[in-house]
Amino acid sequence: MKIAIPKERRRHERRVAASPDTVGKLIGLGFTVAVEAGAGDASTIPDALFEDAGAAVAGGQTSIDPKQIEPWLGPMVLQHRMINMAVGEPTIEGALKNYEKHKALFVEFSAYNHVSKDDPPLFMSYGGDMTLPSKNAGHGIHHPVYGVKMKEKADRLGMECHLLIGKGTVSKSNKYKSANDFIEAILLDKK
């Protein structure tokens with residue numbers, strides 16, 4: 001059975017339907033869980049925590065470290081409140097001013113920093129708008145460059161990594177046409 005965790009659409013709603021811990025438990029029970037990119041944003045739960053729990057996340061951030069992502073995406077990405085809220089700062093200016101205080105959290109919350117050749121296979125999918133610098137906070141926080149950077153690092157380390165950008169029109173996996181194909185192959189061990 002597949003379970004989808006969508007991003008909340010109601011105005012001023014800050015809850016998310018399932019925490020990363022709950023997602024991990026559901027996966028442990030045999031469910032396939034897909035989490036919409038940004039589902040945890042209002043609760044300051046980065047997509048990377050859902051990914052760590054084993055969920056497939058489309059358009060997820062592989063880093064929320066402002067010193068890492070601004071060079072990748074330009075200054076607009078820093079306007080997304082998830083960056084500063086993840087470390088308890090009300091503004092990005094505060095997060096940058098107190099960067100050294102929060103650096104360990106930014107590193108911890110950024111999956112990019114924890115990739116190793118021993119990691120399980122990874123499948124990432126993103127929309128096709130590769131415009132740089134990012135156009136606005138929303139475009140920047142779900143930009144395909146997150147996947148490109150993660151794939152480059154995974155390839156350097158020898159970790160199996162598949163990247164789908166723009167439904168395969170910009171970048172595609174030679175092995176899987178969709179996240180569902182990947183999840184089913186991994187779960188059913190049909191590699």
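The values are calculated or read from the model by the stated rules, or taken from the named source; none is laboratory data. These numbers come from a predicted model, not from an experiment. Positions of Cβ are generated from backbone atoms using ideal geometry, with glycine treated the same way; all protein chains shown enter the neighbour counts. These area figures cover heavy atoms from the full protein model, side chains too; ligands, DNA and RNA do not enter into them. Shrake-Rupley method; radii C 1.70, N 1.55, O 1.52, S 1.80 Å.
Once all protein chains are placed together, Thr91 keeps about 60 Å² accessible to a 1.4 angstrom probe. Largest accessible area first, the listed residues Phe182, Phe50 line up as Phe182, Phe50 when surface is computed with a 1.4 Å probe on the assembled protein chains. Among the GluC sites (Glu not before Pro) found in the stretch 102-175, those both in a DSSP coil and sparsely packed, with 15 or fewer other Cβ atoms within 10 Å of their Cβ, are Glu160.
Compute, for the stretch 1-147, the length of the dipole vector about the Cα centre, with Cβ point charges of +1 (Lys, Arg) and -1 (Asp, Glu) only. Units Debye, rounded to 20. Once rounded to the nearest 20, the dipole reads 420 debye. When the Cα positions of Gly166, His143, Ala17 are compared along the charge dipole of the chain, Gly166 comes out farthest toward the positive end, with charges on each C-beta of Lys, Arg, Asp and Glu. Taking the inverse of the mean reciprocal distance over all distinct Cα pairs, the Kirkwood hydrodynamic radius of the stretch 101-160 comes to 12.9 Å. Rolling a 1.4 Å probe over the protein chains gives Arg10 an accessible area of about 150 Å². Beyond 21 Å, the tail of the calculated P(r) for the stretch 60-159 holds 33 percent of the Cα pairs. Computed per residue of the chain from DSSP H runs no shorter than four, each worth -39500 (n - 2.57), the mean residue ellipticity at 222 nm is -10000 deg cm²/dmol. Computed over protein heavy atoms with a 1.4 Å probe, the accessible surface of the chain works out to 52 Å² per residue. Quick query: amide H of Leu122 versus all other amide H atoms, modeled in the peptide plane; which residues come in under 5 Å with a sequence gap of 5 or more or a different chain? Long-range HN contacts for Leu122: Cys161, His162. Only the Cβ atoms of Lys and Arg (+1) and of Asp and Glu (-1) were treated as charged; on that basis the dipole of the stretch 134-182 about its Cα centre amounts to roughly 120 debye.
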